[in-house]
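First comes the structure, then the notes that go with it.
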Amino acid sequence: MQINGAKFLTSAATASQFLKPEKPMIAICGKSNSGKSTLINMLANQKRLAKTSAAPGRTRLVNYFDFGAFLLADLPGYGYAAVSRAEKEKWAKTLDAFFAKKEEIAHVFLLSDIRRDPSQDDLQMLTFLNFHTIPFTVIATKCDKLSRMNRIERMRAVANAFGLGADNVLAVSGQTGEGKEALLQKISEILENGAE
Ligand SMILES: Nc1nc2c(ncn2[C@@H]2O[C@H](COP(=O)(O)OP(=O)(O)OP(=O)(O)O)[C@@H](O)[C@H]2O)c(=O)[nH]1
Ligand SMILES: [Mg+2]
């Protein structure tokens, strides 16, 4: 699968602004700073399509991108401690409202830093996706930060912590582009399944 000319579409701050997708939509979720925006830029072959930031908690809106055959929705990162309780509740509501329209979501990529064990928020997200039977894949990000040996060990640990087989976790690096082919392959499969 080739990606050419991915474009930013629009942002939504509240449920009333959510886009009604006219093609398959893949949602990208994960903790703040887990590498969601960086992954989108890697897939788009563009450096600044999605805004990335060393300061966590920056993507506060649902940002939609048109990738030609499909849409990507970059969701606000959860679990960032330094935001106010009111803001956290607002995020939780936005996420709930987003996933309530589950028939509009072809698949979810749940991103988690390969070096860290999943947080309570990640596990809650996993439970939520399972409960609502929304198909998802866990993506272990920032794999460039580890040696090959450590990577294998961490992939097992991440899969285990999520209660998944190691085959259900993809390792990627938004920095080096490792894992990009496998991810594009996964997206092709998602689109093919949706077309059946
Ligand atoms: N080395 C390395 N750094 C990465 C990778 N992906 C993301 N980063 C860095 O991690 C930080 C956060 O990346 P973002 O892509 O902004 O993370 P995010 O999940 O979109 O964060 P929020 O929008 O705050 O939820 C940035 O400093 C990135 O440069 C990766 O694959 N390798
Ligand atoms: Mg982001």
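The values are calculated or read from the model by the stated rules, or taken from the named source; none is laboratory data. All values reported here derive from a predicted model rather than from experimental measurement. Backbone-built Cβ (ideal geometry, glycine too); neighbour counts: all protein chains shown.
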Might you check whether a residue that is small (G, A, S) and within 10 Å of ligand 1 (Cβ to nearest atom) occurs anywhere in segment 58-74? no
Determine whether Q120 is closer than 28 Å to N150 by Cα and away from ligand 1 (no atom under 12 Å from the Cβ). yes
Subset of segment 14-48 (residues that are more than 12 Å from the chain's Cα centre (by Cα), within 25 Å of E87 (Cα to Cα) and of a type in the set (A, V, I, L, M, F, W, C)): A15, F18, L19
Quick check on my filter: what residues within segment 32-43 are surrounded by fewer than 24 Cβ atoms within 10 Å (Cβ to Cβ) and under 10 Å from G77 (Cβ atoms)? S32, N33, S37
Inside segment 71-96, can you point out the residues that are at pLDDT 85 or above and crowded, with 20+ Cβ neighbours inside 10 Å? L71, L72, A73, D74, L75, P76, G77
Listed residues F109, F98; which is over 19 Å from M1 (Cβ atoms), touching a residue at least 40 places away in the same chain (Cβ under 8 Å) and within 16 Å of ligand 2 (Cβ to nearest atom)? F98
Residue check for L9: more than 8 Å from ligand 1 (Cβ to nearest atom) and within 27 Å of P118 (Cβ to Cβ): no
